[in-house]
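Here's the structure, in structure tokens; my notes come after.
The values are calculated or read from the model by the stated rules, or taken from the named source; none is laboratory data. As the structure is a computational prediction, the values presented were derived from the model and not from experiment. When we count neighbours, we look across all protein chains shown, and the Cβ atoms used for this are built from the backbone with ideal geometry, even at glycine. To get the accessible areas, we keep the full protein, side chains included, count just its heavy atoms, and leave off ligands, DNA and RNA. Shrake-Rupley method; radii C 1.70, N 1.55, O 1.52, S 1.80 Å.
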Amino acid sequence: MKKLTYSIVTFLLAFFIVTGCTKKNDAISDTKIAASKNPLKASGDTVIQTPPDTAQLVALTGDKITLSPGYYAAGDSVGISFNAVTTNRYCSNGLLKFHNTLDANNNFFIDFLNVQEPLVCHGTGDIPMAAAVRFQRSYLTNGSHPLTVTLNGTTYTGNIVISASTITFDWNYSSGIVISPKTLSR
């Protein structure tokens with residue numbers, strides 16, 4: 001009986017709190033919201049103001065990206081990662097945007113997209129952008145594993161060759177996408 005009493009009291013309290021709230025302070029139901037630069041119309045005369053854009057996407061046109069490889073051991077296997085650094089300079093508050101995947105056949109793919117930076121740079125000035133490129137489940141055994149990197153519509157291809165004592169990057173490019181160093185000792 002005690003539990004039933006507590007349940008009824010809780011239900012009534014919740015009911016009074018909910019019914020006590022009105023929609024007069026609800027911005028969605030207020031039809032007097034002023035139109036802005038990019039208003040969205042809802043039903044009726046309601047206008048919902050969208051926030052102004054505060055960031056821009058800057059193309060990587062003419063840029064060169066250096067991939068500095070690293071690895072981590074997992075028994076007899078290794079995992080591969082890269083530190084990517086641009087040559088061109090961007091706002092220090094920017095982010096180097098990319099997609100990376102590792103498919104079921106251990107083919108590595110990286111697609112560099114752009115730099116997202118604020119419209120007004122409040123950082124310390126223009127600097128090269130850097131990003132850590134890590135691959136999930138990248139534990140590789142000895143052998144050759146394809147690496148494909150895309151930048152500004154150009155595709156660069158090579159291989160990651162893993163042996164018992166070294167990791168070598170078979171990569172023949174000196175512009176666009178560069179890998180340095182090309183050999184790591186295990």
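A few points about this structure:
- Average accessible surface for the range 96-186: 54 Å² per residue, computed with a 1.4 Å probe over protein heavy atoms with every protein chain in place.
- Backbone N under 17 Å from the residue 127 label point (7 Å along Cα→Cβ), restricted to the range 54-73: 66
- Extending 7 Å from the Cα toward the beta-carbon at both residue 163 and residue 105 defines two label points whose distance is 2.5 nm.
- Where labels lie 7 Å past Cα in the beta-carbon direction, separation of residue 95 and residue 182 in nm: 3.4
- When only the Cβ of Lys, Arg, Asp and Glu is charged (+1, +1, -1, -1), the dipole of the range 107-186 relative to its Cα centre reaches about 360 debye.
- Estimated inter-spin distance, residue 170 and residue 64, nm [label 7 Å along Cα→Cβ]: 2.5
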